[in-house]
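The values are calculated or read from the model by the stated rules, or taken from the named source; none is laboratory data. Note that the structure is predicted; figures quoted are calculated from it, not measured. Cβ sites come from the backbone with ideal geometry, for glycine too, and all protein chains shown count toward neighbours. Side chains included, ligands, DNA and RNA excluded: accessible areas come from the protein's heavy atoms. Shrake-Rupley method; radii C 1.70, N 1.55, O 1.52, S 1.80 Å.
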Amino acid sequence: MSRYDPSVIEPKWQEQWETRRPFKTPTDLAELTKKPKYYVLDMFPYPSGAGLHVGHPEGYTATDVVARLKRMQGFHVLHPMGWDAFGLPAERAAVRDGLHPAVITKRNVDNFRRQIKRLGFSYDWDREVDTSAPDYYRWTQWIFLKLYEKGLAYMAEVPVNWCPALATVLANEEVKDGKYVETGDAVERRLMKQWMLRITAYGDRLLEDLDALDWPEGIKEMQRNWIGKSEGAEVRFGLEGRPESFTVFTTRPDTLFGATYCVLAPEHPLVAAITTPAQRAAVEAYVTEAKNKSELARKEDAKTKTGVFTGAHAVNPATGKPVPVWIADYVLASYGTGAIMAVPGHDERDHEFATTFGLPIIEVVKGGADVAAQAFTAPGVAVNSGLLDGLPTAEAKKQMTAWLEARGLGTRRVQYQLRDWLFSRQRYWGEPFPIVHLEDGSIATVPEAQLPVSLPHVDEFKPTTDGRPPLARAGDAWLGVTLPDGRKGVREVNTMPQWAGSCWYYLRFLDARNDAQAWSPELEKYWMPVDLYVGGVEHAVLHLLYARFWHKVLFDCGLVSTKEPFQKLFNQGMILASSFQDARGKYYAPAEIDDREDGAFVKGSGERVKKQIEKMSKSRLNVVSPDDVIRDYGADTLRLYELFMGPLEQVKPWEMKNVGGCLRFLERVWRLVVDEETDASTVKLTDAGPESEPELHKALHKCIQLVERDTLAMRFNTAISHMMTFANEATGAKTLPRAIARTFVTVLSPYAPHLAEELFSRLGGEGLVSVAPWPRFDPALVAEDTVTYAVQVLGKLRAELRAPVGATEAEVRALAEADPRVKAWLDGKAVKKFVFVPRRLVNFVVA
RNA sequence: GCACGGGUGGCGAAACUGGUAGACGCAGCGGACUUAAAAUCCGCAGGUCCUUCGGUGGGCCGUAUGGGUUCGAGCCCCAUCCCGUGCACCA
């Protein structure tokens, strides 16, 4: 071999890593406590049948570079990988292909593992986990028991997304606009008895503990919105001539005097009772219509307000006056109390409704324009409000709430948008619940010692003909249970949703092969929390909220030692790719296209097509596979380009042309060390000390400093540019001391580990560069002795000059004034002011 | 509609805390090497105008748009436009 050939050196070093196991993290606590720890985690993938595209390894490469650098800096690094292996696609493929989901999953996992290994990541593969393996989901079930014991898991009759065509329930994220996203089949709302997790009990803590986390502000904000805490009051409204009453929730108790009507959700339990005979037909028609309205229709109708008068009147507790009670679908049964007091003067929705149906509008907060024309929702000063008159909104809220509380008419109330988590699915390929339904109708848990409750054999992965979940197809041997105390029952046939396994996998990685415990408490104390967690924004809310919830429950059980699982979170931006589309909208694969300066054309026909940058997808024919990139450029080039493209957090387009630039850089590094003709060392490589090339020696130390700084700050693109700068300088140098080359290769190794190993060994390095100590830069070499000053006159650049680092203001000023280019601009003018920024610039302010 | 990101050369992007805008790379151009090409190596390169025999020297403009603060603004403040993402009748 003479030329740089990644297809030879990459397998060679991957094999070395496989046999010598440099990335195996100790499991022995005594060994671990000798060094500081660093836990760097990727969001583990769902192993789909499509395999990886170049978007996946972006985050993986970033964490790998950090893991490698930290390891070289003397940390014990935990850097694991695993599979979020339960999920619907495998089950659907199983039905289609007549295979077991476990077989399909294994095939996909094997493919993912192969693809990931080709990138040369420094994972500790001895800790690989698979959420669908019984020795993993055993502990998922065990955690569920903890939740159940704490009263956080319960069964309830709730509305679910039911798809008649598939005879199964779908998750919210699988339904868009009232249709199943995969097949377009209609989905309807149906009441079913389901398992729920009481995440709402943790709403406040999930909200408050966000503040201390080093997460992107946007993600924290999304979680805050999702939890949706709002503070206000509950107010009870009595009914005129009836014994019942209903309660409304409001964030604006100060506007109670302006409540001119009330609205109940169509599903509100009181609707049937209070409707007057004259209104009954209209109300019933409206209720039926609302019930049958699909999500889509309800969303579309959001622009126009509809509703019906019930005929009943409630009493405004502040004014004592009767107000009409309406029903309308703009009031949601699922939020607050399912009933509102309507204040059209100060709420846009109420205003629109009042205008549509001619209901009275009263101004009770001063500060806006005419409330008859437009609702005034900002804070102001209370008017027409009896005891509140003259009070600013904040004060009026407090007064009104106190007044209501004193009379037993209302109370302070905090309301969340967060709902309890619907935790069961009618699927086969998920964790069975460790639950038995006894003959007397009560629920019992499976004893811990009997876990796991394994997935049973079934003849088909479809619901039963009478619509029960696939697990109901299991034989009596699985379904029928006799508990140790002799009670009999049948197993729960729902399974857990895909989120369950990913709620705690970061804990299993700490102690992945422990078959007596989910994890050892000592290892948990050593490793947690995760120091760096990298993944896509698509998990901003669900996964990250669910995992935080479970973690807090485990914390309350004394099973983990930290309040939060993920101290620092980083989101990588999506990678886009060019797609080509003709006038009829047909897509073309890049291979069919001649992409030139003057436009893109179909090869053969020469038809002009539109080139655009879009999200990668099969249908757009623009998916880039890492396998292809590795075949053409090598894994090191792929790794480098993934990070050189731009800032990790940014959305950016994949440009195959630019990949070549990264390959050229690595080839250049190769040629610094290896003579392409002879395969021996290059002639410029010398055994002289690094001081023999003082300029290059300085450049090297500068490079160490900058690469270290930028890598730890996760600015990988600039870290790479500094290495390119060094390689360019080394190419121009007359000689290259071996010691300098070896150090540079060490610095390069987190980014391009295969090439680095090869060159390190050729340069006589001891052992593997992947676990060599990270070089320390010499501050004396990094320091400059002269600096360039910019000389400005009136803020405009007129000259540059070199001056010693320690030059005083007077010295630099004298140098600047002596410069003829500056003189010309200062000629005949009085200097009013002289600005001196040490080491940077001077500015003459002239009259 | 609301919230959060983001608009810098032909392109991906740099610019530490308000201090020389465009590092590094792609594409492009010129030169060397070669019979030739590729590869490689060396160099040029925001726009525009003037100047010079010239590969010289210089002016002006320029970080989405319009204002402001400052000796000095890509960066800070106000307003506007465009793009992306998330949420969306949440009382």
TODO: For A:E592 paired with A:D556, estimate the spin-label separation in nm (one decimal), with each label point 7 Å from Cα along the Cα-to-Cβ line.
DONE: 5.7 nm
Task: Accessible surface of chain A, 1.4 Å probe, proportion on carbon and sulfur as whole % - done: 52 percent
Task: Note, ³J(HN,Hα) from phi for segment A:657-672, Karplus 6.51, -1.76, 1.60, rounded to Hz, x at Gly and Pro - done: 4, 6, 4, x, x, 6, 4, 4, 4, 5, 5, 5, 4, 4, 5, 5
Open item on the list: Can you tell me the orientation of helix A:716-732 relative to chain A, as the angle in degrees between its alpha-carbon axis and the longest Cα principal axis, to the nearest 10?
Closed with: 10 degrees
- [ ] Write down the percent of antiparallel bridges among all DSSP beta bridges whose residues are both part of chain A, to the nearest 5.
- [x] 75 percent
TODO: Measure up A:K179/A:K611; A:K698/A:K734; A:K37/A:K563; A:K525/A:K563 against 21 Å on the Cα-Cα distance and list the ones that go over.
DONE: A:K179/A:K611
Open item on the list: Under 5 Å between amide hydrogens, which residues at least 5 positions from A:L409 or on another chain qualify, with H placed 1.01 Å from N in the peptide plane?
Closed with: none
- [ ] Round to the nearest 0.05 the FRET efficiency obtained for A:R242 and A:K366 when R0 = 45 Å and r is the Cβ-Cβ distance.
- [x] 0.80
Task: Among the listed pairs A:K117/A:K615; A:K229/A:K291; A:K12/A:K657; A:K117/A:K652; A:K603/A:K652; A:K117/A:K150, those beyond 30 Å (Cα-Cα) - done: A:K117/A:K150
TODO: Could you state the accessible area per residue of segment A:337-477 in Å², with a 1.4 Å probe and every protein chain left in place?
DONE: 47 Å²
TODO: For A:R190 and A:R107, calculate 0.36 nm times their separation in residues minus their Cα-Cα distance, and state this gained length in nm to one decimal.
DONE: 26.3 nm
TODO: Report, in degrees rounded to the nearest 10, the 0 to 90 angle that the Cα long axis of helix A:56-72 makes with the longest principal axis of chain A.
DONE: 60 degrees
TODO: Give me the angle, in degrees from 0 to 90, between the Cα long axis of helix A:348-357 and the longest principal axis of the Cα atoms of chain A, rounded to the nearest 10.
DONE: 40 degrees
Task: Table column - 3J(HN,Hα) (Hz), segment A:388-395, Karplus curve with 6.51, -1.76, 1.60, x for Gly and Pro - done: 8, 3, x, 8, x, 3, 4, 5
- [ ] Provide the FRET efficiency to the nearest 0.05 for the A:L712-A:R513 pair, computing r from the beta carbons and using R0 = 41 Å.
- [x] 0.85
Open item on the list: Taking loop as defined by DSSP and a crowding limit of 11 other beta carbons within 10 Å, which GluC sites (Glu not before Pro) in segment A:364-465 fit?
Closed with: A:E439
Task: Under-5 Å amide H pairs with A:L794, H placed in peptide plane, nonlocal only - done: A:F844, A:V845, A:V846
TODO: Please work out how much length the chain gains when fully extended from A:K568 to A:R776, using 0.36 nm per residue of separation minus the C-alpha to C-alpha distance, in nm with one decimal.
DONE: 72.3 nm
TODO: Compute the FRET efficiency between A:R412 and A:D204 as 1/(1 + (r/R0)^6), taking r as their Cβ-Cβ distance and R0 = 25 Å, and round to the nearest 0.05.
DONE: 0.95
TODO: For segment A:624-717, count all C-alpha to C-alpha pairs, find those more than 24 Å apart, and express that count as a whole percent of the total.
DONE: 39 percent
Task: Label point distance in nm, A:K610-A:L794, each placed 7 Å from Cα along Cα→Cβ - done: 5.0 nm
TODO: Return the distance in nm (one decimal) between the two label points of a simple spin-label model at A:T464 and A:T735, each offset 7 Å from Cα along Cα→Cβ.
DONE: 8.6 nm
TODO: Using θ = phi - 60° and the Karplus relation 6.51 cos²θ - 1.76 cosθ + 1.60, list the HN-Hα couplings for segment A:226-233 in order, rounded to whole Hz, with x at every Gly or Pro.
DONE: 5, 5, x, 6, 9, 9, x, 9
- [ ] Quick one: which residues, 5 or more positions from A:M192 or on another chain, have an amide H under 5 Å from its amide H? H modelled 1.01 Å from N in the peptide plane, none for Pro or chain starts.
- [x] A:V158, A:V160
Open item on the list: Which trypsin sites (Lys or Arg not before Pro) in segment A:340-440 sit in a loop by DSSP (not H, G, I, E or B) and have at most 11 other Cβ atoms within 10 Å of their own Cβ?
Closed with: A:R407
Task: Loop sites in segment A:748-807: trypsin sites (Lys or Arg not before Pro), DSSP, at most 14 other Cβ within 10 Å - done: A:R776
